[in-house]
Amino acid sequence: MTGKKIDVDRLDLERMKDKTAENPGTLPYAHHSGSSVIRPEDKGKITGRAVASMHSQTDMQMAQIYEQMRLLADQANKIKARVEVSERIYQASISFEPLINHIYYLYQKKDGSDFLSMIAPEEWGRKRDFSAFVAEVKLLADHTWEILRSNN
């Protein structure tokens, strides 16, 4: 073995004790030059990332809730339209007994009154007995009318 010999008599063991740890594995920092580099963290950067991540997550959740609210509002509007058409049909002139799950057509006459027909707007010949087509509807089991097609 070749190399420089250490002069043990010149070593200050007391001073070296101050520079070493008894349990170096438990130190929260590097204890010699071969240790891994430990850099202090920028707490502002960590907090900034956490806040940005939190905003991103909550924005996504708010968008989902908004989409659900929009869907519920659309469903409520469809139910409202169903009720309005159902009331209009039950006040209209009906010369037959409507059957559940059959399709019918609501028209408005020139005098403003409504009537329900089994004839589609495309099936009328020259003798059109209405001034406006209102809706194509289907009678549901709860006796409300589903709007299949509307003139709106």
State whether the residues of region 111-119 include one that is surrounded by 10 or more Cβ atoms within 10 Å (Cβ to Cβ), among the charged types (D, E, K, R), without any contact (Cβ under 8 Å) to a residue 24 or more places away in the chain and part of a strand (DSSP E or B).
-> no
If a residue has to be exposed (fewer than 10 other Cβ atoms within 10 Å of the Cβ) and either not small (G, A, S) or not in a loop (DSSP other than H, G, I, E, B) (or both) to count, how many in region 75-97 make the cut?
-> 2
Restricting attention to region 53-93, and to residues there that are closer than 15 Å to T144 by Cα and among the β-branched types (V, I, T), which single residue is nearest to the chain's Cα centre (by Cα)?
-> I79
Filter result for E136 (surrounded by 10 or more Cβ atoms within 10 Å (Cβ to Cβ), modelled with pLDDT of 90 or more, within 18 Å of S150 (Cβ to Cβ) and among the charged types (D, E, K, R)) = yes
Failed condition for A50, given (1) surrounded by 10 or more Cβ atoms within 10 Å (Cβ to Cβ); (2) within 18 Å of E146 (Cβ to Cβ) = (2)
Can you tell me which of K5, K19 is at pLDDT below 75, more than 48 Å from the chain's Cα centre (by Cα) and basic (K, R)?
-> K19
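The values are calculated or read from the model by the stated rules, or taken from the named source; none is laboratory data. Please read all numbers here as calculations on a predicted model, not as lab measurements. So basically every Cβ, Gly included, is an ideal-geometry build from the backbone, and we count neighbours across all protein chains shown.
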